[in-house]
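Below is one structure, written out as structure tokens; the observations come after it.
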Amino acid sequence: MPRTKLTAGQIRDFTCPKDKAQVFLWDTGAPGLAVRATPGSTTESESKGKAYIFQGKLDNKDLRATIGDVRVWNLDAARAEARRLQTLLDQGIDPRELDREKKEAKAAAEAAQEAARTEAERRARYTLRALCDAYTEHLERTDKSRSAAATRSAFKCHVFTHPEIAELPARDVSAHQVAALVRKVREAGKERAAGILRSYLSAAYNAAKRAPFDSALPADLIPFGIEHSPVDAIPAIAVQRGDRTLSSSELRDYIKALGDELPDVALRLALFAGGQRMAQLLRAKVSDFNPDTATLRLLDGKGKRTAPREHLLPLAPKAAAMVAGLVERAKGKDSTFLFSTHGKVPLAFTTPGKRVVEICASMGAEHFDLKDIRRTVETELAAMGISRDTRAQLMSHGISGVQAAHYDRHTYTDEKRAALAAWEARLDAIENGTTAPANVVKLRTA
């Protein structure tokens with residue numbers, strides 16, 4: 001194995017014969033250093049196919065390592081690297097293992113950096129604010145527009161106003177921080193709002209926690225990585241039940257205050273149709289009214305139903321006339337909705353509620369809202385002798401349980417029609433200040 005003190009010219013002129021796989025030119029300037037040439041390495045190709053290599057012994061075994069291409073490494077740098085490798089061998093260290101460890105350490109560092117970057121992105125993206133938005137969008141996609149609007153409003157007013165909590169990763173929000181959000185609302189004297197906020201936050205967290213296992217929930221909730229809900233530690237706040245009902249004189253003033261504008265028409269129809277929920281009434285379409293039977297079809301999606309329940313109302317004459325007028329109005333606007341300002345989308349469910357507040361203020365009466373009017377209707381119906389079952393069917397509430405879900409197939413059409421006719425008579429009497437019949441006409445029994 002002849003050796004020479006390598007020079008740049010020697011390296012340039014060094015070539016590999018065509019009948020050889022590789023040849024070496026060993027250096028005397030550094031131990032174990034050589035230039036290796038392979039076929040195709042010619043002076044014309046500017047040292048292509050030539051590399052510095054190092055060869056030494058470790059535990060009496062030959063060890064060879066490539067230093068690098070002669071076009072990248074200069075001779076002095078190659079000699080320095082050869083000396084470093086020899087020093088490692090003298091210390092009993094395999095430079096190949098050392099290089100492998102360095103590569104693994106570098107790969108681990110890069111993986112850690114990538115994990116940190118991913119975590120930082122997750123923390124920035126999957127915040128409590130984002131969870132609230134994702135849950136609200138889920139409600140909208142499942143046709144719970146009213147719930148979505150109420151939920152969004154609660155989050156906007158009581159969560160997003162605290163960015164120090166809202167911008168935290170949702171899974172890192174603590175029970176103490178949730179308690180602080182709820183407490184602030186409660187201390188402001190908004191007991192009901194505090195209870196509702198706690199309920200909405202609990203629903204959002206529980207939906208995200210179940211999302212990986214429940215195909216009915218959107219996959220958008222899975223990346224939040226929610227395994228535990230911080231809301232569980234917060235006691236539920238009992239919502240005080242309302243007990244406000246309107247007196248006959250207040251109900252008369254309320255009816256007389258209703259005008260011909262669309263929100264007022266919606267309020268009047270909700271009242272005359274038996275105290276219907278405004279959100280359900282505003283979703284009604286032209287196709288939901290059967291003029292031959294004067295029946296209006298509503299869809300009740302309230303609660304945990306997977307599909308809205310069909311709620312049929314066999315209307316009395318005045319209510320039927322109102323709906324017939326709305327049908328003509330909708331056709332004139334080329335709209336599918338009974339209640340639509342411009343024909344494209346239904347009237348916002350909050351609009352009639354705001355109108356009730358205006359009317360209440362103009363009456364100078366104790367505060368009342370849509371729920372109070374609905375409560376008033378049921379109270380009056382009960383006083384008229386209409387049974388609890390018929391009232392439940394008429395107002396579409398409390399219809400659940402095994403009996404209602406699986407066995408009671410009766411449509412209650414006749415009972416509802418009689419009740420609504422009696423209710424219109426009662427409203428006429430209230431509006432005119434006359435005495436109404438005390439009881440609804442009894443249906444014949446077989």
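The values are calculated or read from the model by the stated rules, or taken from the named source; none is laboratory data. All figures in this text were calculated on a predicted structure; none of them were measured in a lab. Note: ideal-geometry Cβ built from the backbone for every residue, glycine included; neighbour counts use all protein chains shown.
The requirement of being more than 22 Å from Pro218 (Cα to Cα) and in a helix (DSSP H, G or I) is not satisfied by Arg123. The residues of segment 315-346 that are basic (Lys, Arg) and in a loop (DSSP other than H, G, I, E, B), listed by number, are Lys333, Lys344. Within segment 402-446, the residues that satisfy the criterion of being surrounded by fewer than 12 Cβ atoms within 10 Å (Cβ to Cβ), within 47 Å of the chain's Cα centre (by Cα) and at pLDDT below 50 are Val402, Gln403, Ala405, His406, Tyr407, Arg409.
Taking the listed residues Gly303, Gly332, the one that is surrounded by fewer than 20 Cβ atoms within 10 Å (Cβ to Cβ), outside the structural domain of Arg152 (by TED's automatic domain parsing) and modelled with pLDDT of 90 or more is Gly332, with no other qualifying.
Residues of segment 189-213 that are within 12 Å of Val231 (Cβ to Cβ) and of a type outside the set (Gly, Ala, Ser): Leu197, Arg198, Tyr200, Leu201, Tyr205, Asn206, Lys209. Of all residues in segment 248-265, those satisfying the criterion of being under 19 Å from Thr376 (Cα atoms) and part of a helix (DSSP H, G or I) are Ser248, Ser249, Glu250, Leu251, Arg252, Asp253, Tyr254, Ile255, Lys256, Ala257, Asp264, Val265. Among the residues of segment 53-72, none qualifies, meaning not one is part of a helix (DSSP H, G or I) and surrounded by 11 or more Cβ atoms within 10 Å (Cβ to Cβ). When Leu312 is tested against the conditions (1) part of a helix (DSSP H, G or I); (2) touching a residue at least 40 places away in the same chain (Cβ under 8 Å), the lone failure is (1). Taking the stated definitions as given, is Ala115 surrounded by 10 or more Cβ atoms within 10 Å (Cβ to Cβ), at pLDDT 85 or above and at negative phi? When the stated conditions are applied, Ala115 does not pass them. Within the option set Phe289, Phe349, Phe368, being buried (at least 21 other Cβ atoms within 10 Å of the Cβ) and at pLDDT 95 or above holds for one residue only, Phe289.
Looking at Asp292, Asp253, just one residue is farther than 23 Å from Ala150 by Cβ, of a type outside the set (A, V, I, L, M, F, W, C) and touching a residue at least 24 places away in the same chain (Cβ under 8 Å), and that residue is Asp253.
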